[in-house]
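Engineer: Would you mind keeping the following structure in view while I ask a few things?
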Amino acid sequence: MRRPRFRLTTVVVAVALTAAACGGTSDTDSGDGQVSLQFVLFGDAAETAGYERMLEAFESQHADIDVTLSPVASQDELLAKLTTSFAGGQPPDVFLINFRKYGQFASQGALEEVGPYLADSDVLDPDDFFEVVFDPFRFDGETLTCMPQNVSSLVVYYNQDLFEASGVAPPIEGWTWDEFLATAQAITDGEVYGLGTDPSLIRIAPFVWSNGGEVVDDLEAPTTLSLDEGTAREALDWFLDLSLVHGVVPPDVEEQSESSESRFLNGRLGMYLNSRRVTPTLREIDGFTWDVAPLPVAPGGQPFTMLHSDAYCMAGPGEHHAESWRLIEFAMSEAGQRILAESGRTVPSRRDVASSDVFVESEAPPPSAHVFVDNAEILRATPHTATWTRVEKAADDVLEQIYYGRIDREEGVVRLIDETRPLFGAGG
Amino acid sequence: MSTANRGAPTRRSEATAGARLVQGAGTAGARLVRGAAWYTAPFALGVVLLLVLPALTTFYYAFTDHTGLGDPNLNGLANFRRMGSDPFFHASLRASLIFAALAVPLRLFVATGMGLLLAAPRRLGRWYRAAVYVPTVVPDIVLALTFLWVFNPLYGPMNGMLGALGLPTPAWLGTPWGARSAIVIMMLFPVGEAFLVVLAARRSLDPSVYAAAAVDGASPWQTLRYITLPQLAPLLLLLAARDVILTLQVNFVPAYVLTDGGPGNATLFLPIYIFDQAFEFLGFGYGASLTLVLMGITVLFIALPLLVVRRWGFLRR
């Protein structure tokens, strides 16, 4: 008689516990009719501070919406957090994600497309934005999937004091690969290196484009990397030569011991390739002056740079799309983008804010912030297919090994193509 | 004589107590069992909810195309066929096996060596023992960050030391074997639990045997070889089995922080590859099937030595 009751009690306790555990997270409407939104992004403290200020301004205007900001430290962690929360059925209402990374979510139909919301909006007009940022966020090529907040690009950060000390002229628009290399060589001297950059696909891409090459065989439906032939290979070799032949970048052991970013911060690196993302950190420099310049152009080639853009996405299975859109609308409005531009982190995707005092005429460095705005004319993007994240990860691993001379160049280029090819069509 | 006299009544009272226990087994014993069931219920519930159910779900997902986003569809053995032609899986399997082959014997050697060395009472002995145990209570992430500094090729103490001795200073985390060695070296430190087990076991060995060995003029090496190790063998085997599980499955955090699978997939251990597949690339189904493979390998690695030594007979003790 006693045993069955024991089992029954166990089941009751189990059900009660499960119900309690589930109940705690599914309730997003608090008693007073206020809607709670969860907003996820990645970035360090300096980067997320601007978003906190933007949300404060939003909440003061929308008393019925309460937004919780949940930042994570890195892009990888962002993907892990999104995946687990989607799988658990509790995705964040709104999240910021790069155009190279959202494809794997969009391909699963996990996102609520923002296109129709933008078409119905009284606040936002697509003409107010740099047109170039929309295409990478149209997953199917037509409807806008996510709302791009920034139009950052790859630029050359340079240490003005080191340039002066080495007697080289500051970079000017349209400078060539040869001038770039000569500058790096002039600065490289013992402890100081002329240039620092990640040897990654997104850093190499603009050099390939400038030389008239392509990174993949077909931008819409890529099946392989195309860096092993023609002008693309020429550009890849030129990039690899910076390390393997000219030695103007910190070699393997040096880079492992101290990252290029840290080297630049400490005044021992002449030029550093990065996007706008690093600006809030570089603003902490007080030992020397620095500025930004456009990337150099290939001999007889066209100027190109790489787009770096994140967009606000709405999770498909959410209940609060209307409220989420109001948050996105505010973040994309002039007021919202001004707050973020002041933080230094973003290159606003709105033309009016990008050309305003908070961006191009900001007191804080870089003085030549207009370079980012000018770059909007010469931006290109890598593909944004469902498996692009995996292609990049595999490619970067091989590129790093070639760049630092750990493996033979020819063997490496063959591996680069062979190892990434199966990933283009790989299933989930 | 006097000892025997004093011992006799004790033995009799033990016998009566035993008889009473047998008599009462029908009622008190049953109550004891029921009580135990009640006391273990919360734990059992936790195990079922948090371990058994997810493990069963993993079994199911392994045969689906689950992405974590939509509804999973059964796809038979497609995930396992994919492993056959997945070069990253092959690299990952290789990395895991090399690591286990290096780390398990070395970790066991360090834990046993330290345990036996520090078992005997000595001056400052408790400080030495604490020092050996401390790295075990250091969180994984702190351990990894510490060793990131230790293996810094220019500013780290490891190369500083090697350089001072006139030895070559490798670019540790930049080369496949450097990175593998670095992780093995790092994992030689958190061995406190096995160390404690060996320490306790050594102290419980009968001192009269050692006294007899000393009288017979046995050298320290002979004592170790013919007295200590044979008595500890069952325990060492158990520790080895446990360490196989640890090195195959629990190296995730330190390896993720130290090398993130690189360079050239040399340290892309299975747990890291599974994490990448499931959580970065939305391959829950594939990740689940990889997890099954990892479980299978672990079981195999534990079962094989156990089967081999079963005929030694000591496992029954």
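Engineer: How charged is the neighbourhood of B:Ala266? Take every other residue with its Cβ under 13 Å from the Cβ of B:Ala266, and add Lys/Arg as +1 and Asp/Glu as -1.
Structural biologist: 0
Engineer: Would you mind checking which residues have amide H under 5 Å from A:Thr176's amide H? H placed 1.01 Å from N; only 5 or more apart, or other chain.
Structural biologist: When sequence neighbours closer than 5 places are left aside, the close amide H contacts are A:Val297.
Engineer: May I ask you to compute the full-extension gain from A:His370 to A:Asp241, defined as 0.36 nm times their residue separation minus their alpha-carbon distance, rounded to one decimal in nm?
Structural biologist: 43.4 nm
Engineer: Next question, about the same structure. Quick one: grab Rg to one decimal and Dmax as a whole number for region A:339-419, Cα atoms only, in Å.
Structural biologist: 18.9, 51
Engineer: Assuming R0 = 56 Å, can you tell me the calculated FRET efficiency for the pair B:Arg122 and B:Thr27, based on Cβ-Cβ distance, to the nearest 0.05?
Structural biologist: Values: r = 53 Å, r/R0 = 0.94.
Plugging the Cβ-Cβ distance into 1/(1 + (r/R0)^6) gives 0.60.
Engineer: Something else about it: At q = 0.05, 0.10 Å⁻¹, what is the base-10 log of I(q)/I(0) for the protein assembly as shown according to the Debye formula with one equal point scatterer per Cα and no solvent? Please give it to two decimals.
Structural biologist: The Cα Debye sum returns log10 ratios of -0.34, -1.15.
Engineer: What percent of all Cα-Cα pairs in chain A falls into each 20 Å bin, going from 0 up to the bin containing the maximum distance?
Structural biologist: 24, 53, 19, 4, 0
Engineer: Taking amide H atoms as placed 1.01 Å from N in the peptide plane, list the residues 5 or more away in sequence, or in a different chain, whose amide H sits under 5 Å from that of A:Gln149.
Structural biologist: A:Asp310, A:Ala311, A:Tyr312
Engineer: Shielding of B:275-287 by partners, i.e. mean partner chain Cβ atoms within 10 Å per residue?
Structural biologist: Details: counts 2, 6, 2, 4, 9, 13, 11, 15, 6, 4, 2, 3, 0.
Mean number of neighbouring Cβ atoms from other chains: 6.
Engineer: Which listed residue (A:Pro366, A:Ile378, A:Ala395) has the Cα farthest towards the positive end of the charge dipole for region A:355-428, taking +1 on Lys and Arg C-beta and -1 on Asp and Glu C-beta about the Cα centre?
Structural biologist: So the residue we want is A:Ala395.
Engineer: Moving on. For labels at B:Leu49 and B:Thr136 in the simple 7 Å Cα→Cβ model, what's the distance in nm?
Structural biologist: Going by the 7 Å Cα→Cβ label model, 3.1 nm.
Engineer: With unit charges on the beta carbon (Lys/Arg positive, Asp/Glu negative), name the residue among A:His246, A:Pro91, A:Pro280 whose Cα is farthest towards the positive pole of the charge dipole of chain A.
Structural biologist: A:Pro91
Engineer: Apply 1/(1 + (r/R0)^6) to the Cβ-Cβ distance of A:Ile172 and A:Asp352, taking R0 = 30 Å, and write down the FRET efficiency to the nearest 0.05.
Structural biologist: My answer for the efficiency is 0.60.
Engineer: Restricting to DSSP H runs of at least four residues, report the calculated mean residue ellipticity at 222 nm for chain B, -39500 (n - 2.57) per run over all residues, nearest 500 deg cm²/dmol.
Structural biologist: -22000 deg cm²/dmol
Engineer: Give me the dipole magnitude in Debye, nearest 20, for chain A about the Cα centre, with unit charges on the beta carbon: positive for Lys and Arg, negative for Asp and Glu.
Structural biologist: So the dipole magnitude of chain A works out to roughly 1840 debye.
Engineer: Step through the residues of region B:88-102 one at a time and calculate ³J(HN,Hα) from phi using the Karplus curve (6.51 cos²θ - 1.76 cosθ + 1.60, θ = phi - 60°), rounding each to whole Hz and writing x for Gly and Pro.
Structural biologist: So the Karplus estimates, Gly and Pro as x, are 5, 5, 4, 4, 5, 4, 4, 4, 5, 5, 4, 4, 4, 5, 7 Hz.
Engineer: Putting +1 on Lys and Arg Cβ atoms and -1 on Asp and Glu Cβ atoms, find which of B:Leu50, B:Gly84, B:Ile272 reaches farthest to the positive end of the dipole of chain B.
Structural biologist: B:Leu50
Engineer: Then there's this: Which value, in debye to the nearest 20, gives the size of the charge dipole of region B:111-259 about its Cα centre, when Lys and Arg are +1 and Asp and Glu are -1 at the Cβ? Before the final figure, lay out each step's value.
Structural biologist: Numbers: 9 positive and 5 negative charges, 58 e Å.
Dipole magnitude for region B:111-259 comes out near 280 debye.
Engineer: Mark the label point 7 Å from the Cα of B:Asn75 along Cα→Cβ and return the residues of region B:261-283 whose backbone N is within less than 15 Å of it.
Structural biologist: Only B:277-279, B:281-283 fall inside the zone, counting backbone N under 15 Å.
Engineer: In the neighborhood of A:Val72, defined by Cβ-to-Cβ distances under 14 Å, what is the net charge if each Lys or Arg adds +1 and each Asp or Glu adds -1?
Structural biologist: Cβ neighbours under 14 Å give a net charge of -4.
Engineer: Work out the mean other chain Cβ neighbour count within 10 Å for the residues of B:250-262 and drop it here as an integer.
Structural biologist: Taking all residues of B:250-262 together, the mean is 1.
Engineer: Please identify every one of the chymotrypsin sites (Phe, Trp or Tyr not before Pro) in region B:204-305 that sits in a loop by DSSP and has no more than 10 other beta carbons within 10 Å of its own beta carbon. Intermediate values should be presented prior to the final figure.
Structural biologist: On the way: sites: B:Tyr210, B:Trp221, B:Tyr226, B:Phe252, B:Tyr256, B:Phe269, B:Tyr273, B:Phe275, B:Phe279, B:Phe281, B:Phe284, B:Tyr286, B:Phe301; in loops: B:Phe269, B:Phe281.
When the chymotrypsin sites (Phe, Trp or Tyr not before Pro) of region B:204-305 are filtered for loop state and at most 10 Cβ neighbours within 10 Å, nothing remains.
Engineer: Given a cut-off of 20 Å, what percent of all Cα-Cα pairs of region A:126-234 lie beyond it? Could you put the intermediate results ahead of the total?
Structural biologist: Values: 3459 of 5886 pairs.
Looking at region A:126-234, the distances longer than 20 Å represent 59 percent of pairs.
Engineer: If each of B:Leu145 and A:Ser60 carries a label point 7 Å out from its Cα toward its Cβ, how far apart are those two points in nm?
Structural biologist: The modelled label-to-label distance comes out at 3.5 nm.
Engineer: Tell me which residues come under 5 Å, amide H to amide H, from A:Gly316 once H is placed; ignore anything under 5 positions away on its chain.
Structural biologist: A:Leu111, A:Glu112
Engineer: Can you list the HN-Hα couplings for region B:233-247, worked out from phi with the Karplus curve (6.51, -1.76, 1.60; θ = phi - 60°), rounded to whole Hz and with x for Gly and Pro?
Structural biologist: 3, x, 5, 5, 5, 5, 5, 5, 4, 5, 6, 4, 4, 4, 6
Engineer: Let me ask another. Estimate the FRET efficiency between A:Gln302 and A:Asp217 by the formula 1/(1 + (r/R0)^6), using the beta-carbon distance for r and 22 Å for R0, to the nearest 0.05.
Structural biologist: Details: r = 20 Å, r/R0 = 0.91.
Efficiency at R0 = 22 Å is approximately 0.65.
Engineer: Which of the GluC sites (Glu not before Pro) found in region A:303-405 are in a DSSP loop and have at most 10 neighbouring Cβ atoms, other than their own, within 10 Å?
Structural biologist: A:Glu363
Engineer: Then there's this: Taking a quarter of the surface of the Cα convex hull of region B:86-316, what do you get in nm²?
Structural biologist: 15.8 nm²
Quick note: the coordinates plus some simple rules give every number you see, no bench work behind them. Owing to the predicted nature of the structure, the values given are computational and were not obtained by experimental measurement. Every residue, glycine among them, receives a Cβ derived from its backbone with ideal geometry; neighbour counts consider all protein chains shown.
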